[in-house]
Every structure is written in structure tokens, then in C-alpha cells.
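Structure below; questions to follow.
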Amino acid sequence: MTDRMQARLVFFLLFAAVIMWNVYRSGRKKDLKENAGTIIMPVHLMMVIIVCTAAVITSEMTLRSFGILRQDLGTEYYLWMMTVVITAGIYWSVLVLLKRHLRSTYTAYTCTLLWLMPNYLFFTMYRWAAPVPLAVITIPSGFTKTIFYIWAAGFLAVSAYYLITHFIVRRKMMSGIREPDEKTKALWKETLHETRADNVKCKLAVSPALKSPLTIGVFSFTMVLLLPEKEYTEEELRMIFDHELVHLIRGDSKSKLSIAFFTAMNWFNPFMYPAMKHMSEDMELSCDEIVTAEYDREKRRKYAELILNNTAETKGFTTCLSASAEGLRYRLHEIIHQTKRKQGWLTAGLLCICLMYANGIVTFSEDRGTLKEYLPEKYLPAEVSVFDGTMKHYTCVNPEGLYEQLSSMPVATVPFGMDEPDAGREYTVVRLKNENSEYISLTFIRNTVQIWNMTDDSQEGIYHIRMNTRELNDQFMEYLIPAE
């Protein structure tokens, strides 16, 4: 196993371990704060990585424009981003179809986490995290950037829609707000203290524009828990505060921002919009699971009545006590009956690893042709080395014939995805020499070939071919004799 493969495995296992621990911890019902857990890694970290990736693309394209870089690495990142987006889109499409089965088998917390899992795929947009592809989808040459610009226009439009909607909703909700009475404020502080959540920074206010309690805002300095102009009993207020505290402790509004971001990334996939809706529903169901964990049946009935009497639609990056009319019946049934379900921590971990490993197995290429387009004709095969446990060297007795054999191989440029040779994998190296004794080396590993200019030690590119190493060796043997 190569160092890069080991790094990928450790990286994926680390993410899977974090997910499994979160799912496992979600079932340990000690108190509200501990059981709230954490659904995803901080959105800020994800944004930093995406911004850094964009900076790398921009800098590499700039260096290429000045002739400092030979490869169009910007195009490679475009292609890899398309691969990530398509993989995430397929994953969410399958999850939408399996929604009923998942909800009937696993806890709402686990289901919520499964909706959010493709967030991790953008952590794999680097060479060392890319696998060797099994298949390549070819995009006509010159269309990659056109497709990227179309996708980017849709991404910006959908992102702008979500952001503008959020700010409009926030402005409307914050219009005419006032401070609650002293009794309500005291109860809020008491609830924070009892749940050991004194560090939660969230203002409390009453808004005449609301029909249901909700928390709006993504960052701590913008968080506001808004109550409608209604009279609530002390018990009802405690239920409302407990519910919203779970959202605040877990950072669910950030999770909604994250899923909105990936909905914009997959704006062309019709399954994404129901996926976002189901994620919000499961997030509320998981919140109910935590809040009502220690309630008796009578108190759960009161909690259900509270939700029923505060039904309202919400938009923007908000977390709300109520539910939409469509999902209300299922939610009330779950609150009253509390069906026992599996945590599914092992399933979540395995699914995370499978998702990350599947990403890039089918990738995109801008060009498809034959290897001849990348081989200078003045170079002819001089030596072939085959590693199959021991290194065997061969001399080429028919350089022109082997050159034609190599030239006819169908290839497609792929973004990243090639492991260095190691003792655990069979590979073939073909060295081509010109009259000046300058060498070009072709390294074949599985279904890829990488071209190296040995004169200046430059990497020309990675190409995908439709054959494995053993078949490749068989085709070469008629042109070779063992080296003395």
C-alpha cells in the first residue's frame, strides 16, 4: 500500500470515527446539553477549505497563463469539482428514495446526519485523496469551462435566492420586536443554567410578526430566539426553551446553511430540494427525541399539543418549534409513541467510508484520443521493466512495432488519481529514447499511464486506459526479449 493510499485510508477512517462517536453519544441520554451532541464539523472549517481550494485554482491558472506551469490544473479542479457534485447528487437521490426505510429503522438524529454526510466530500478535492478511476465520462474538448460557467451561474443564482430570502425573512421577523417580560427572561436564564448551557449566546425577544417560536441567525452575535405575541404557561415556555436550546447547542442553523450551500452546488438535481426538506424534518424530529426523552406520556401529549397550536411555515436559516402541515402528522405520532429505533452508528460509519471511496471512481475528462497524441515520434521504446514481485528488465527488439502498439492505446486525461509504484502492486515501465539518449518514461499502473520526461524530471500528465497491467504485459511480450 502506497503512502498516499495509507493517507486516504487514515483520513476516511478518522471522519468515520467522528461520525460513529457522534451517533453513539446521541443515545446516551444523561442531560439535554450532553445529548445534543454535534451533527457536523464546523461549517467555518468547510468554508475555509473551499476558499483555499478556489485560491489554489486561481493561482495555478495564473501561473499557467505566464507559462510557469505546463498543466491546466484549473481544468483538473473543475473536473474534480464536477465529480464531487455528481457523487453528492447521486447520494442524496438514493437517500430520498430510501427515506421511509431509514426513518423506520434509525433514529432521527442518525437520519439527520446521513443527509449532511456529503459535506465531507469537499474535503477530498486534493490529489492525494483522489482514487484511480474505473470509468471516465468524456466531455467534448473546450466545453469544460462552458459547463463550469453554466453551473457557476446556477450556483450563484440559487445561493443569492437563499441569502436574500433569509435577510428578507429576518428583517420581517425582527420588525417591531420587544423585550419579553421579566418572568420570561428569568425562566430563560434558569433553563440555561439547569441545562449547563450558560455559554450559549442568544438574545430573547418577542416579535408580532410570528406565529410560532423560532431561533434565527447563523453566528452567535446574530442569534435571536423569538417568541410570538402569545400567552404561554411556564411549562410551555420550558418546553419551547428546551427545544430551541438543542438547536443552539448543536448549531443546527449552521447545518441548514451548509445543506443550503450544497443544494446550490447541486441546483440541477431535482432530488436536492426534497432532500433539503427531509433533512429539516429529521432535524426537528431528532430535537423532539432529545427533549421528550425523559417525558412521561402525559407530558409528551402536552408537547405535541404545543407544536399543533404553533403550526407555521418557516424560511431562511431558522430553527422552529413548529412543523409544516405536511410533516405534522408523522411528527406528532413520533412524539406520542416514541418508537424504539436503532442508533445505527456502525451503518453511519461504513456509509461514510463507502461514500468517500466511491467519490472519483467514475470521473470526467475533457479529452479522449490515443496515446500517440502525447508521444513524440522521435522517441522509440528502448527498455521495458515489469514489476510483479521482482523487477524484470526487457530489451525491445522491435521498437517501431511497440511504438505503434503504444500509440494506438485509447486514453483520456483524468483529474488526479494515480498511485506511485509499490511492492504491493504490479506495474510496467516503458522507457522511450531518442538519438540524443534522452528518455521519456511511461508508467502503467492498473488502468492509468503517467508520462514522465526524464530529461527535466517533469510530469506531463495522467491518462486513463481501458486495460489492466497484466493484459498490458501480454501485449508487449512479442516485442521483448529478456535483458542480459
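The values are calculated or read from the model by the stated rules, or taken from the named source; none is laboratory data. Please read all numbers here as calculations on a predicted model, not as lab measurements. Ideal geometry is used to build each Cβ from the backbone, glycine not excepted, and the neighbour counts take in all protein chains shown. These area figures cover heavy atoms from the full protein model, side chains too; ligands, DNA and RNA do not enter into them. Shrake-Rupley method; radii C 1.70, N 1.55, O 1.52, S 1.80 Å.
Between Val397, Val384, Val414, which is within 28 Å of Ser437 (Cα to Cα) and buried (at least 18 other Cβ atoms within 10 Å of the Cβ)?
Val384
Oh, and also: Find all pairs meeting these conditions: Cβ atoms under 6 angstrom apart; at least six residues apart or on different chains; first residue within segment 422-439 and polar (S, T, N, Q) and assigned to a loop (DSSP other than H, G, I, E, B); second residue exposed (fewer than 14 other Cβ atoms within 10 Å of the Cβ) and at pLDDT below 80.
So the pair list comes out empty.
Could you tell me which numbered condition Tyr120 fails, if it satisfies all but one of (1) assigned to a helix (DSSP H, G or I); (2) closer than 30 Å to Cys202 by Cβ; (3) at pLDDT 80 or above?
Failed condition: (3).
So that you can scan it fast, the table gives a plain yes or no per residue for (1) in contact (Cβ under 8 Å) with a residue 40 or more places away in the chain; (2) under 23 Å from the mean Cα position of the chain (by Cα):
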site	(1), (2)
Val218	yes, yes
Phe221	no, no
Leu227	yes, no
Thr233	no, no
Arg238	yes, no
Phe241	yes, no
Arg250	yes, yes
Ser255	yes, yes
Phe261	yes, yes
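Hey, among the residues in segment 296-340 that are among the hydroxyl-bearing types (Ser, Thr, Tyr), more than 18 Å from Pro274 (Cα to Cα) and open to solvent by 30 Å² or more (accessible area, probe 1.4 Å), which one's modelled with the highest pLDDT? It would help to see each step written out before you state the result.
Residues of segment 296-340 that are among the hydroxyl-bearing types (Ser, Thr, Tyr), as a first pass: 303, 311, 314, 318-319, 322, 324, 330, 339.
Narrowing the set further to residues that are more than 18 Å from Pro274 (Cα to Cα) leaves 303, 311, 322, 339.
Filter again for open to solvent by 30 Å² or more (accessible area, probe 1.4 Å), leaving 311, 339.
Values: Thr311: 70, Thr339: 76.
Filtering first and then ranking leaves Thr339.
Moving on. Being more than 28 Å from Ile259 (Cβ to Cβ) and modelled with pLDDT under 85 narrows it down to one residue among Pro180, Pro140; which is it?
Details: Pro180 fails: modelled with pLDDT under 85.
Pro140 is the lone residue from the list that is more than 28 Å from Ile259 (Cβ to Cβ) and modelled with pLDDT under 85.
Now for a separate question. Suppose we filter Thr215, Thr222 for residues that are open to solvent by less than 30 Å² (accessible area, probe 1.4 Å) and among the polar types (S, T, N, Q); which single one remains?
Thr215
Among the residues that make up segment 347-366, is at least one of them open to solvent by less than 70 Å² (accessible area, probe 1.4 Å), under 19 Å from Asn473 (Cα atoms) and among the hydrophobic types (A, V, I, L, M, F, W, C)?
no
If Phe262 passes every condition in (1) crowded, with 21+ Cβ neighbours inside 10 Å; (2) touching a Lys or Arg at 6+ places or on another chain (Cβ under 7 Å); (3) modelled with pLDDT under 80 but one, which one does it miss?
The failed condition is (2).
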